[in-house]
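The values are calculated or read from the model by the stated rules, or taken from the named source; none is laboratory data. From a predicted model like this one, the values you see are computed outputs, not experimental measurements. Counting neighbours? That spans all protein chains shown, and the Cβs are built from the backbone with ideal geometry, glycine included.
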Amino acid sequence: MGSGIREVAVVGFAQLTALEDREHNEVELIIPAVQGALADAGMERHEIGFTISGSCDYLSGGPFTFVSGLDAAGAWPPVKESHVEMDAAWALYEAWVAIQTGDVDSALIYGFGKSSLGDLHEIMGLQADPYVVAPLWPSMVDMAALQASAFLAATDYTESDLCAIAARSRRAAVDNPYAVRVEDATAQELLARPVTHTPLRDSDIAPITDGSAAIIIATREIADARCERPAYIRGIDHRVDAQGLGLRDLATSASTKLAAQGAGVSNGPVDVAEIHAQFSHEELILKEALGLDDAVVVNPSGGPLGANPVMATGLIRIGEVAARIRSGSANRGVAHASQGPCLQQNLVCVLEGDQ
Amino acid sequence: MSALRTAVIGVGQTRHVVARHDVSIAGLVREAAEEALVDANMDWADIDAVVIGKAPDMFEGVVMPELYLADALGAVGKPMLRVHTAGSVGGSTAIVAAKLVMAGIHERVLTVAFEKQSESNATWGLTVEMPFSSPLVAGAGGYFAPLIRAYIRRSGAPTHIGHLVAVKDRLNALHNPKAHLHLPDIDLATVAESFLLWEPLRYLDVCPSSDGAMALVIGSEQVAKNATGPVAWIHGTAMRSEPTMFAGRDQVNPLAGRKCAADVYAQAGIKDPRKDFDCAEVYVPFSWYEPMWLENLGFCAEGDGWKLTEQGATAMDGDIPWNPSGGVLSSNPIGASGMIRFGEAAQQVRGRAGDYQVPLHTGLALGHAYGGGSQFFSMWVVGASQPQ
C-alpha cells in the first residue's frame, strides 16, 4: 500500500535505554529522547505539526500512562496529538498517514516503557485470548518457545543456529552505546549454557529494558532544508495474523510477508535490515518472510537482543536504519516492527537516501 | 494538497446494557461490526483495514485486546490499528479511520470502539496508584466534580441546571431502543433526591457503566456515491490535546476544546454553531458538562451555557437539540462513548435516527468527545450533502 503521494523522510532520531532505571519516571525518560530528536532534526517544538506516541498501560500498571507523556512532549499551546496502544512504529505509521492527508507537514513520534516495573513476560501473556488461553497463564516466553520448537521441527535449523544469532547480536551490541546486554561470546560458548525454555536459552531472549525513543518525520520540502541526507520512507505497510497459535503456521510469518510486499522490499537492493526479533528464532522466520538474502546486514545495532525497551523497540528499528542511511553507510534499508504473541502483528518500512 | 472526500457509509451498534454475559468481547464487537457492514451493504472481504479503539486495557484486564480480536473483526491479513486517547478515544478512532481514506490509502475502513465494563471495574481501573505519582483515588466523578463547582461559582448557575440535563437526556433515551438506561418516571425531584456522590453530582447526574460497542464503515467519495443507502459526508475532523496540569490552566473551559472546535468549524464552514447545526451529540458524562461544553464549543457566550439548558434550547423541541440519542448519560461503554456520539451525529444527517430523529434544515451535525482531565478533544462535522 504504499509509497504515498507526499514524500516523507526521517529527519531526527534519539533513544535512551537502561537495564533497570530506578531513577527516572516515564516523563523523565521521554524528555531527552524528544529533545534529542528535535535537535537532530534541527527543529523547534512549535514547528512540529502532529504529535503521537505509542505505549502500554500495563507496563506501568496503571491507566493512561501516555497522558503524562504529554508533559515531556510539550503540548502548550494545545497540539494535534494522538496515541496508539501499540509499539510506536505504528504511531509513526499514523503520523505518516496524517502527513499524507495534507493536514500537517511534520510529526514527532515517541515510544516509551519501563518493563522493569513488573514482570514483562507474564504481563505480555495477558495479550492472549482472555477466556481460553490467558487463564492458563502462558508467558510471552512460553509462547515464543512453542514457536521456536515448531520452527526448528519444520526446518533444518538447530539450536546452534539460534546461538549463532544470539552471539552475533551480542557482539554487534558492543558497539551500540544504547545496548544493555553485550558480550563477546561464540555461538559454541552460548550453546553450552542451559536451556531455560526449550529450545531457548537466556541468550535467545531479549533483555528487560527501560527506555524511550523519538523520531521526527517531515515532508521533502522540510527534510531537504533541514537535513543533509534525509532517509525517505519509500514504502510502509503493516498486517496482522489471527492470534490463536493453532490458527496459523508458526514456522512462518504470513503477515510479515504481506507487509513486505506492500512496502516494496523487493523493489531494490537491501543494504541493511533492523528486525524486531525479541527471540533468536524470530530473526530466521522474519528474514525469510521479508525476503532478505544473506548479503543483507541484519541488526547491526545488536537488535532487540541487545536492547528491548518495549513499545519503543520497533520505532528504534526505523531510527537505526534511518541513521545508517543518513550517515551514508547504507543507501536502502528495511526496518521491521512486531507485536503480539509469536509475531502476530508486523510492520515493514523501506527507507532510502537520495542517490 | 487537501484531504479526499470521505463519508460514513454504515453504522452499527449493540444494545448497551450493564453486563453482556451472553457474549465474549469478540462477540460484542462483532455484533456492532456486522450491523455496520449490513447497513453499508458490504461484506467482510470489502474492508481494507480495521481501526479499533477503547479506553484503558485495565477496564477488561486484557493487554492490547485488539490482538485477540483480529480474527473476530475480519482483520487477518489486513492492516489493523489500535487507538487509545482516554475518553476521547471513540472519536479519535473514527478520525484515524477517516484519515486512512482521506489520505487515499484505503477505500473502505471498518472502525470499531467498545468497552465491556462488566469484565472489570472501571472506577478501580481509574484509581490505581501509579509509581512515582501521588494517588488520586477519585474515579472520574471525583476528578470532575471540583471543576463543576468552579463552573457554578464562575457562571452563577442555579443548582438545578445539572438535574435538567439529567432528566432531558434520559427522556430522550426513551426513544432510543439501544440506550442502556430507560427511566420513564424520571423527573427533577427524582434526580435531586438521588444520593449524593460527589458534590454537586447526585447519582442520576452521572453516566451509567455499560457494555457495548459501536462500529462505522467509512468510505471514499467513490464508495459513497455507489452506496445503496444515505451516507453522512465528513465535513471536518479535528483533535487537540493539552497537558493535565500546570499553573494557570483553565480546566473548566479548556483551550484545547476551543481550538479543536474552531478548527473543525473552519473546515466545515460553521459560523454560528447554534444556527448552523441541526443537532449535536456531545460527550456529557456528568450532567453539568452540557452547559460547560455549550460554552466551550461556542454555542453561546462564556457564562451563558446554563441559560440555554434552562430555556430548553437543547431539548428535542428546542432550537439546537443536544444528545437526542440520550447521550453518555444514558449509555456509557466508555471506549465506545465517543464513537457513539460520532455515529449518532451521522445517523441524524442520514435521516436514520428513528424515533429520535431531529428535523433536518442545514443537514449538519456535530460529533464530540473528550477525555483525560478535560484535555483530549476529538470532533467531527457530518452532513447530508457532499462538502463543496
Here are the criteria: (1) buried (at least 24 other Cβ atoms within 10 Å of the Cβ); (2) within 14 Å of chain B (Cβ to nearest Cβ); (3) farther than 28 Å from residue B:69 by Cβ. Tell me which single one residue A:241 does not satisfy.
(3)
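Results for (1) farther than 23 Å from residue A:150 by Cα; (2) touching a residue at least 24 places away in the same chain (Cβ under 8 Å), shown as yes or no for each residue.
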{"residue": "A:254", "(1), (2)": "no, yes"}
{"residue": "A:257", "(1), (2)": "no, yes"}
{"residue": "A:267", "(1), (2)": "yes, yes"}
{"residue": "A:273", "(1), (2)": "yes, yes"}
{"residue": "A:287", "(1), (2)": "no, no"}
{"residue": "A:290", "(1), (2)": "no, yes"}
{"residue": "A:293", "(1), (2)": "no, no"}
Looking at (1) free of Cβ contacts under 8 Å to residues at least 12 places away in the same chain; (2) buried (at least 16 other Cβ atoms within 10 Å of the Cβ), find the lone condition where residue A:136 falls short.
(2)
When residues of region B:179-207 are filtered for being touching a His at 6+ places or on another chain (Cβ under 6 Å) and part of a loop (DSSP other than H, G, I, E, B), how many remain?
1
Considering region B:31-53 alone, what residues qualify as being within 14 Å of chain A (Cβ to nearest Cβ) and crowded, with 19+ Cβ neighbours inside 10 Å?
B:47, B:49, B:50, B:51, B:52, B:53
Look at residue B:265 and say whether it is in contact with a Ser or Thr (Cβ under 7 Å, 6 or more places away or on another chain) and buried (at least 19 other Cβ atoms within 10 Å of the Cβ).
no
Of all residues making up region A:56-86, the number that are among the hydroxyl-bearing types (Ser, Thr, Tyr) and closer than 19 Å to residue A:96 by Cβ
1
Going residue by residue through region B:236-251, is there one that turns out to be away from chain A (no Cβ under 14 Å), crowded, with 17+ Cβ neighbours inside 10 Å and either in contact with a Leu (Cβ under 9 Å, 6 or more places away or on another chain) or assigned to a helix (DSSP H, G or I) (or both)?
no
The conditions are (1) within 30 Å of residue A:248 (Cα to Cα); (2) free of Cβ contacts under 8 Å to residues at least 12 places away in the same chain; (3) under 22 Å from the mean Cα position of the chain (by Cα), and residue A:123 fails exactly one of them. Which is it?
(2)
When region A:218-238 is examined, which residues are found to be closer than 27 Å to residue A:55 by Cα and within 14 Å of chain B (Cβ to nearest Cβ)?
A:219, A:233, A:235, A:236, A:237, A:238
I need the full set of residues from region B:328-350 which are farther than 16 Å from residue B:113 by Cα and in a loop (DSSP other than H, G, I, E, B), in order please.
B:329, B:330
Within region B:108-131, the count of residues that are of a type in the set (Phe, Trp, Tyr) and modelled with pLDDT under 80 comes to 1
Restricting region B:99-118 to residues that are under 16 Å from residue B:382 (Cβ atoms) and more than 9 Å from chain A (Cβ to nearest Cβ), the residue that is surrounded by the most Cβ atoms within 10 Å (Cβ to Cβ)
B:111
State yes or no: is residue A:94 modelled with pLDDT of 95 or more and more than 10 Å from chain B (Cβ to nearest Cβ)?
no
Which of the residues spanning region B:339-379 are out of contact with any Phe, Trp or Tyr (no Cβ under 6 Å at 6 or more places or on another chain) and within 14 Å of another protein chain (Cβ to nearest Cβ)?
B:371, B:372, B:373, B:374, B:375, B:376, B:378, B:379
Identity of the residue in region B:224-235, in a strand (DSSP E or B) and of a type in the set (A, V, I, L, M, F, W, C), that ends up farthest from residue A:103 (Cα to Cα)
B:232
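Okay, residues lined up against (1) touching a Leu at 6+ places or on another chain (Cβ under 9 Å); (2) closer than 16 Å to residue B:214 by Cα; (3) at pLDDT 95 or above:
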| site | (1), (2), (3) |
| --- | --- |
| B:1 | no, no, no |
| B:29 | yes, yes, yes |
| B:33 | yes, yes, yes |
| B:56 | yes, no, no |
| B:69 | no, yes, yes |
| B:73 | yes, yes, yes |
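Residues are listed down the side, and each one gets a yes or a no for (1) in contact with a His (Cβ under 9 Å, 6 or more places away or on another chain); (2) in contact (Cβ under 8 Å) with a residue 12 or more places away in the chain; (3) among the β-branched types (Val, Ile, Thr); (4) under 28 Å from residue A:151 (Cβ atoms):
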| residue | (1), (2), (3), (4) |
| --- | --- |
| A:161 | yes, yes, no, yes |
| A:180 | no, yes, yes, yes |
| A:200 | yes, yes, no, yes |
| A:209 | no, yes, yes, yes |
| A:213 | no, yes, no, no |
| A:228 | no, yes, no, no |
